[in-house]
Amino acid sequence: MNTEPFVIEQTYNAPIASVWSALTDVNKMREWYFDVDDFKPEVGFTFHFSGTDKGVTFLHECIVKEVIPGKKISYSWRYIDFPGYSLVTFELFDDGGKTRLKLTHAGLETFPANNPSFARSSFAGGWTYITGTGLKNYLEKN
């Protein structure tokens, strides 16, 4: 069983303030991420959203665990009605006027191994699309 966190890095032609705003402003998040019910970059804030994979809709519940404004935000990531608990962390780094984002998703091995929606490859594909296409396209047009 692979217990290593999933890590992906992307560099955007945008200042950190713009990327941070996209990661933490609920209206902006809804444009590139998920249709979250609400969001505040405050430790303890709980938010929900749904995602569909292979025809099944999964309700997510996340709780903000750490916030360093402009630098880092972490939140738990779990599914209602399924066992498992994970942690998603977004870290931002200045890269000569551009922004390098490092996303780490730890705890994937705690989700049901017999469900292909929870396979590491499913998370890799999702996060690659979300950070590489969704957020990148959002930042480029805004």
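No lab work stands behind these numbers, since they all come straight from the coordinates. It should be emphasised that the depicted structure is a prediction, and the values quoted were computed from it without experimental measurement. With ideal geometry, Cβ positions are generated from the backbone for all residues, glycine too; neighbour counts draw on all protein chains shown.
What to note about this one:
- Among the candidates Thr24, Thr3, residue that is over 17 Å from Asn137 (Cβ atoms), surrounded by 15 or more Cβ atoms within 10 Å (Cβ to Cβ), among the polar types (S, T, N, Q) and in contact (Cβ under 8 Å) with a residue 12 or more places away in the chain: Thr24
- The single condition among (1) under 20 Å from Thr128 (Cβ atoms); (2) part of a strand (DSSP E or B); (3) over 13 Å from the mean Cα position of the chain (by Cα) that Glu31 does not meet is (2).
- The range 98-124, residues that are assigned to a loop (DSSP other than H, G, I, E, B) and in contact (Cβ under 8 Å) with a residue 12 or more places away in the chain: Gly107, Phe111, Pro112, Ala113, Asn115
- Positions within the range 76-97 being in a strand (DSSP E or B) and either under 16 Å from the mean Cα position of the chain (by Cα) or of a type in the set (S, T, N, Q) (or both), in sequence order: Ser76, Trp77, Arg78, Tyr79, Ser86, Leu87, Val88, Thr89, Phe90, Glu91, Leu92
- Flag if Phe111 is crowded, with 18+ Cβ neighbours inside 10 Å and over 14 Å from the mean Cα position of the chain (by Cα): yes
- With respect to (1) surrounded by 15 or more Cβ atoms within 10 Å (Cβ to Cβ); (2) within 20 Å of Asn142 (Cα to Cα); (3) among the hydrophobic types (A, V, I, L, M, F, W, C), the lone exception for Val64 is condition (2).
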